[in-house]
1. Starting from region 1-28, keep only residues that are farther than 18 Å from D87 by Cβ and in contact (Cβ under 8 Å) with a residue 24 or more places away in the chain, then list their pairs with residues that are part of a helix (DSSP H, G or I) and near ligand 2 (Cβ under 9 Å from one of its atoms) whose Cβ atoms are within a distance under 8 Å, requiring at least 6 positions of separation or different chains.
2. Could you grab the pairs with beta carbons closer than 8 Å, sequence gap of 6+ or different chains, first residue in region 78-96 and without any contact (Cβ under 8 Å) to a residue 12 or more places away in the chain, second one assigned to a helix (DSSP H, G or I) and of a type outside the set (S, T, Y)?
3. How many residues, within region 1-18, are at pLDDT 95 or above, part of a loop (DSSP other than H, G, I, E, B) and more than 9 Å from ligand 2 (Cβ to nearest atom)?
4. With P79, P57, P98, P51 as the choices, which residue is out of contact with any Gly (no Cβ under 9 Å at 6 or more places or on another chain) and either of a type in the set (S, T, Y) or more than 12 Å from ligand 2 (Cβ to nearest atom) (or both)?
5. List every residue pair whose Cβ atoms lie under 6 Å apart, where the two residues are 6 or more positions apart in sequence or sit on different chains, the first residue falls within region 31-59 and is aromatic (F, W, Y), and the second residue, located anywhere, is surrounded by 13 or more Cβ atoms within 10 Å (Cβ to Cβ) and part of a loop (DSSP other than H, G, I, E, B).
6. V23 is checked against (1) surrounded by fewer than 16 Cβ atoms within 10 Å (Cβ to Cβ); (2) in contact with a Pro (Cβ under 6 Å, 6 or more places away or on another chain) and fails just one. What number does that condition carry?
7. Within region 42-60, work out how many residues are in contact with a strand residue (DSSP E or B) (Cβ under 6 Å, 6 or more places away or on another chain) and either more than 19 Å from N97 (Cβ to Cβ) or surrounded by 17 or more Cβ atoms within 10 Å (Cβ to Cβ) (or both).
Amino acid sequence: MTFVVTEACIKCKYTDCVEVCPVDCFHEGPNFLVIDPDECIDCTLCEPECPVEAIFPEDALPDKWEPFVKINYAYSEGPEAVNPLVDAYATEHNVQNPPLDSA
Ligand code: SF4
Ligand code: F3S
């Protein structure tokens, strides 16, 4: 099992999660963070830290965030594999999260 970062993190990136993760398995791209499923030890510490509730356990992921399983797992193909998927998702779903610096 792992934890999964979802839509609310796009263009958001509070990074509170990064500070609590004991194994440093968050990885930051230009518009998003993912959790490397191979590194996550299911400690649960990050889930309550995200101010926009973007983090879920994979086995309790709401159906609407299912596309983010693929996006987080794409990290195993290299960091460059993640961002095109995030961009495609954001375009398709017209994601309009406010940027962090204007919140
Ligand atoms: Fe890191 Fe724990 Fe969150 Fe996994 S559950 S991403 S190990 S803080
Ligand atoms: Fe993103 Fe939430 Fe972490 S917005 S960077 S998952 S604290």
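The values are calculated or read from the model by the stated rules, or taken from the named source; none is laboratory data. All values reported here derive from a predicted model rather than from experimental measurement. Reconstructed Cβ throughout: ideal geometry from the backbone, glycine too, with neighbour counts over all protein chains shown.
1. Taking only residues 6 or more apart or on different chains, the pairs are Y14/L100; D16/E49; C17/E49; E19/E49; V20/E49.
2. A81/A74
3. The qualifying residues number 1.
4. P57
5. F32/I10
6. Here V23 clears every test but (2).
7. Residues meeting the conditions: 6.
Residue by residue, here is whether (1) surrounded by fewer than 17 Cβ atoms within 10 Å (Cβ to Cβ); (2) over 24 Å from P99 (Cβ atoms) holds:
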{"residue": "T6", "(1), (2)": "no, no"}
{"residue": "C12", "(1), (2)": "no, no"}
{"residue": "T15", "(1), (2)": "yes, no"}
{"residue": "I35", "(1), (2)": "no, no"}
{"residue": "C40", "(1), (2)": "no, yes"}
{"residue": "E77", "(1), (2)": "yes, yes"}
{"residue": "E80", "(1), (2)": "yes, no"}
{"residue": "P84", "(1), (2)": "yes, no"}
